[in-house]
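Notes for the one structure printed next.
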Amino acid sequence: QVQLVESGGGLVQAGGSLSVSCAASGSIFSINTMGWYRQAPGKQRELVAAITSGGSTNYADSVKGRFTISRDHAKNTVYLQMNSLKPEDTAVYYCHLDQRMPPLWINYESWGQGTQVTVSS
């Protein structure tokens, strides 16, 4: 089993900054990507940012230039630095891990429990 332990998040005023982190442990084999999704009330879960094992990053258009994702390979930890936060960034942020697992080395996804980020106007 894979455990994704998220930390960070909280309440901040618009224009402020927050960071969240996610540490993966357990049955970790060959990680493809780690990243963050978010889900606001009444909305679908959406990709915020992801980073591949090679360091390539992908961001939602709505957060480009404001959010930065990074990863510590040795610690299997992914970080999301969120700057210039807006009220519309308010959501539950979920850590996501995609890896290949034996014996068939097919892709397998894991999700964290989520951490609340609230941006007040």
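The values are calculated or read from the model by the stated rules, or taken from the named source; none is laboratory data. Small disclaimer: the values here were computed from a predicted structure and weren't measured. Every residue, glycine as well, gets a Cβ built from its backbone with ideal geometry; the counts of neighbours run over all protein chains shown. These area figures cover heavy atoms from the full protein model, side chains too; ligands, DNA and RNA do not enter into them. Shrake-Rupley method; radii C 1.70, N 1.55, O 1.52, S 1.80 Å.
Scanning the range 60-80 for residues that are within 14 Å of residue 95 (Cα to Cα) and open to solvent by 30 Å² or more (accessible area, probe 1.4 Å) gives 70, 71, 76, 79. So, of the residues in the range 36-59 that are within 18 Å of residue 22 (Cα to Cα) and of a type in the set (D, E, K, R), which turns out to be surrounded by the most Cβ atoms within 10 Å (Cβ to Cβ)? Applying the filter and picking the extreme gives 38.
Residues in the range 94-121 that are over 21 Å from residue 56 (Cβ atoms), out of contact with any helix residue (DSSP H, G or I) (no Cβ under 8 Å at 6 or more places or on another chain), of a type outside the set (A, V, I, L, M, F, W, C) and touching a residue at least 40 places away in the same chain (Cβ under 8 Å): 102, 112, 113, 114, 115, 116, 118.
Taking the conditions (1) more than 10 Å from the chain's Cα centre (by Cα); (2) of a type outside the set (A, V, I, L, M); (3) at pLDDT 95 or above; (4) open to solvent by 40 Å² or more (accessible area, probe 1.4 Å) in turn, residue 103 satisfies each one other than (3).
So that you can scan it fast, the table gives a plain yes or no per residue for (1) of a type outside the set (Lys, Arg); (2) more than 21 Å from residue 113 (Cβ to Cβ); (3) modelled with pLDDT of 95 or more:
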site: 19; (1), (2), (3): yes, no, yes
site: 26; (1), (2), (3): yes, no, no
site: 40; (1), (2), (3): yes, no, yes
site: 48; (1), (2), (3): yes, no, yes
site: 55; (1), (2), (3): yes, yes, no
site: 67; (1), (2), (3): yes, no, yes
site: 96; (1), (2), (3): yes, no, yes
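Listed by first and then second residue, the pairs with beta-carbon distance under 7 Å, at least 6 apart or on different chains, first residue in the range 1-28 and in a strand (DSSP E or B), second open to solvent by 50 Å² or more (accessible area, probe 1.4 Å) and of a type in the set (D, E, K, R), are 23/75. Filtering the range 66-121 to residues that are assigned to a loop (DSSP other than H, G, I, E, B) and under 11 Å from residue 48 (Cβ atoms) leaves only 66.
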